[in-house]
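Below is one structure, written out as structure tokens; comments come after it.
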Amino acid sequence: MELGLALARVDYVQVGVTSQKTMRLLPASGRRATQKAVIGDQDGVITCFGIKKGEAVPVFKTLPGQRITRLELGGALNTPQEKIFVAAGSEVRGFTKRGKQFLSFETNLTENIKAMHISGADLFLCASYIYNHYCDCKDQHYYLSSDKINDILCLPVEKLNCVTPILACQDRVLRVLQGSDLLYEVEVPGPPSVLALNNGNGGDSGEEVLFGTSDGKLGLIQFSHSSPVHKWEIRNDKKRGGILCIDSFDIVGDGVKELLIGRDDGILEVYTFDSTNDPVLRYDHALSESITSVQGGCVGKDGYDEILASTYSGWVTGLTTEPVHREGGSGEELKISQEMQNKISSLRSELEHLQIKVLQEREKYQQSSRSSTAVSAVPAFSVNDKFTLNKDDASYSLILEVQTAIDNVLIQSDVPIDLLDVDKNSAVVSFSGCDSEPNSNFLLATYRCQANTTRLELKIRSIEGQYGILQAYVTPRIQPKTCQVRQYQIKPLSLHQRTHSIDHDRKGEGFFKSDNISTISILKDVLSKEATKRKINLSISYDINEISVNHTLKLIHPKLEYQLLLAKKVQLIDALKELQVHEGNMDFLIPEYRCILEEADHLLEEYKKQPAHLERLYGMITDLFIDKFKFKGTNVKSKVPLLLEILDSYDQNALIAFFDAAA
């Protein structure tokens, strides 16, 4: 999408694999002068570089060390923020813009630092669940979160004259702190993965914070001292990736800062604001891998603003406003400057040199592997993975990203799951037969990737009540062949989502409510099983409302009716096409059948995307029927075939009557 915004892509440099929020632009020395970029990678190396004549020129580069998980800029309040701070392991190190180290602060955290924010002399650090506030490297405050902390931010002290840290937590909550205490919580529509000050400074009030979620939603909240105000939220209707980074920068040049968004599926977005201050998508660009950091500034050439992004595998890429010069002619050929020709020649020479070096090293490895003193070396590679619930369509997304090209991915599951089609996925899938009885092996599928695929997205749907482990065996295109295994838990209530309305006065007691008695049945069975396994004395009582069964059937009705109609239409397509060929046109068909033929491709595509949807709905109704009478102590499994017959000739009233009569 490009609405009056033309940006040209330039790939500047590649460093090691990068983590989220590890690239920043240093302040410019003059108005619209070029800025230096600094980036930290998972090899522990900090690289600072500038651009001269289109080439990356190093300012400084540190030696390798522990993985860098965050990089922030700091300095005294109300002065240029040009000191560089990195978090690696449990240590924070500080560097000047020239690369001289002036700080090495070993924190008292027992875990690695996951998130960091700096404001003047104040340092805010988070491990998985622990928040620590330091001032001049001395302990100030501490907080233990009830769920994982993904990011941290502090409202600008220079505007508000008080320290207000905000934690983005995995349980879909932003926690606002005061000292070591929780001031209040704000629920957001998805697990928040990143926070940023609106407009880079918190807006006019200094209280406005942008959040991005791991399921791709974006929002703005004003955090007043007493209560929050939700300004706006953007749903992820286009089903794009999770948001990893946010920046505010005037790339359009109209005096108003736009929103720059980087997603984990490689989409970079620019949002402008309409007359009501609501964001509108103005521009997007697709990179091939997840965007870990995004910054707006002037990098490549004086006077030309650009968006700088870093990706998972370490590429630093610019989208610049500098126009691409063309010369006239029928072909509108690009005019390549002498500078660009020299760069191409240099890259070709470097590529030839690297190819020769690779051949030499490969030959050396083959010779050493055949010797009597050979030592096998397994090549290390980094895998970035994410397993998240999509509540909109009751499925899970499994995203696997590797620093090098993927050869194949083997998926194995010890519980029944369905693999759904993903439009972005170009890999070829093949299924292997498996015997579920002796090995509890319900699924074996291999995805063979096309060349240069570094990111694979899979979509699965589980069955509630059946829980176990899903495993992904990832094999990249490197020699010698090696593989990494990643495991993901399929939980008993896998399609349920956490609620935040909890009565904290209850002790040692859980009270569960649901419209669907099958949910209660699953909970009862799982809790009983786990309590027996752990030798815990558990008392369970339940109160079943008979009306809830018919209510649940009515909730399922629209979905079931739609799927039955879809299946019926798909079954008619071949016969209608044959009639159309035989008659030469479709004028003789009634409007309903003509409509089916006109929408045939769309119907087939939709049916293909959710092949087992109807069976799932049948399964839910069957479970509901069995569970209704299980709570009464009656086994009605012998009546299931009759229930399926009623479903095949579905009528809502007949189904409800069957449920009532079976008693």
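The values are calculated or read from the model by the stated rules, or taken from the named source; none is laboratory data. Model, not experiment: these values are computed from the prediction. We place every Cβ from the backbone using ideal geometry, glycine too, and count neighbours over all the protein chains shown. Quick note on the areas: whole protein, heavy atoms, side chains included, nothing else; ligands and nucleic acids left out. Shrake-Rupley method; radii C 1.70, N 1.55, O 1.52, S 1.80 Å.
Between ASN112 and SER146, what length comes free when the chain is fully extended (0.36 nm per residue of separation minus the Cα-Cα distance, one decimal in nm)?
Length gained, ASN112 through SER146: 10.5 nm.
Could you tell me the distance between the Cα centroids of region 69-99 and region 185-203, to the nearest Å?
Cα centroid to Cα centroid, the span is 22 Å.
Taking H as built 1.01 Å from N, whose amide H comes closer than 5 Å to the amide H of GLY219, not counting residues under 5 places away?
Here the answer is PHE211, ILE234, since their amide H atoms fall under 5 Å of that of GLY219.
Counting other Cβ atoms within 10 Å, keep those with at most 14, restrict to DSSP loop, and tell me which trypsin sites (Lys or Arg not before Pro) in region 571-643 are left. Spell out each step's value before the answer.
On the way: sites: LYS577, ARG594, LYS608, LYS609, ARG616, LYS628, LYS630, LYS632, LYS637, LYS639; in loops: LYS632.
Passing both the DSSP loop test and the Cβ count: LYS632.
Roughly how many nanometres apart are two label points built 7 Å out from the Cα toward the Cβ at GLN178 and SER528?
Distance between the two pseudo-spin positions: 4.8 nm.
With just the Cα atoms defining each centre, how far is region 646-660 from region 538-556? Give it in Å.
Region 646-660 and region 538-556 have Cα centres spaced 18 Å from each other.
Of LYS21/LYS97; LYS114/LYS238; LYS301/LYS357; LYS524/LYS628; LYS217/LYS608; LYS21/LYS257, which ones are farther than 25 Å apart at the Cα?
On the way: LYS21/LYS97 18 Å; LYS114/LYS238 29 Å; LYS301/LYS357 34 Å; LYS524/LYS628 13 Å; LYS217/LYS608 27 Å; LYS21/LYS257 20 Å.
From LYS21/LYS97; LYS114/LYS238; LYS301/LYS357; LYS524/LYS628; LYS217/LYS608; LYS21/LYS257, over 25 Å: LYS114/LYS238; LYS301/LYS357; LYS217/LYS608.
What 222 nm value per residue comes from the helices of the chain, counting each DSSP H run with n ≥ 4 as -39,500 (n - 2.57) and dividing by all residues, nearest 500 deg cm²/dmol?
So the calculated ellipticity at 222 nm is -7500 deg cm²/dmol.
I need the Kirkwood Rh of region 571-661: take the reciprocal of the average 1/r across all distinct C-alpha pairs and report it in angstrom.
16.2
So which of LYS491/LYS513; LYS231/LYS386; LYS459/LYS529 end up more than 23 Å apart by C-alpha?
LYS231/LYS386; LYS459/LYS529
Using the alpha-carbon atoms, what tilt in degrees (0 to 90, nearest 10) does helix 613-630 show relative to the longest principal axis of the chain?
The helix 613-630 is inclined about 60 degrees to the chain.
Of all the accessible heavy-atom surface of the chain, with the other protein chains kept in place and a 1.4 Å probe, what percent is carbon and sulfur?
50
At a Förster distance of 30 Å, what's the computed FRET efficiency of THR499 paired with ASN78, Cβ-Cβ distance as r, to 0.05?
On the way: r = 43 Å, r/R0 = 1.45.
Calculated value: 0.10.
How much area per residue is accessible in the chain when the probe is 1.4 Å and only protein heavy atoms are counted (Å²)?
On a per-residue basis, 53 Å².
Regarding the chain, what whole-number volume in Å³ per residue does the convex hull of its Cα atoms give? Mind dumping the intermediate values first?
Details: hull volume 171.7 nm³, N = 663.
It is 259 Å³ per residue.
If you line up the long axis of helix 517-533 against the longest principal axis of the chain, both from Cα atoms, how many degrees apart are they, to the nearest 10?
Value to nearest ten degrees: 70.
For an R0 of 56 angstrom, estimate the FRET efficiency from the Cβ-Cβ distance between LEU564 and SER372 and round to the nearest 0.05.
It comes to 0.20.
Roughly how many whole Å is it from the C-alpha centroid of region 9-24 to that of region 383-403?
So the two Cα centres are separated by 23 Å.
Let me have the relative contact order for region 101-210, percent, based on Cα pairs under 8 Å that are six or more residues apart. Provide the component values of the computation, followed by the final result.
Values: 231 pairs, mean separation 19.0, N = 110.
The value is 17 percent.
Calculate the FRET efficiency for HIS225 and ASP171 from the Cβ-Cβ distance with a Förster distance of 22 Å, rounded to the nearest 0.05.
It comes out at approximately 0.40.
Once you list every other residue whose beta carbon is under 15 Å from the beta carbon of GLY262, what net charge do they have if Lys and Arg are +1 and Asp and Glu are -1?
Charge balance in the 15 Å sphere: -2.
Report the extension gain between ASN342 and GLU361 in nm, rounded to one decimal, defined as 0.36 nm multiplied by the number of residues separating them, less their alpha carbon distance.
4.0 nm
Listed highest first by mean packing, meaning other Cβ atoms within 10 Å per residue, what order do 510-521, 446-457 come in?
The peptides rank, most packed first, as 446-457, 510-521.
Any chance you could run the full-extension gain for TYR650 through SER288? It's 0.36 nm times the residue separation minus the Cα-Cα distance, nm to one decimal.
125.7 nm
Note down the nm distance, to one decimal, between modelled labels 7 Å out along Cα→Cβ at GLU606 and at LEU572.
In this crude label model, GLU606 to LEU572 measures out at 1.4 nm.
As I understand it, the value is the acute angle between the Cα axis of helix 652-661 and the longest principal axis of the Cα atoms of the chain; what does it come to in degrees, rounded to 10?
Result, in degrees: 60.
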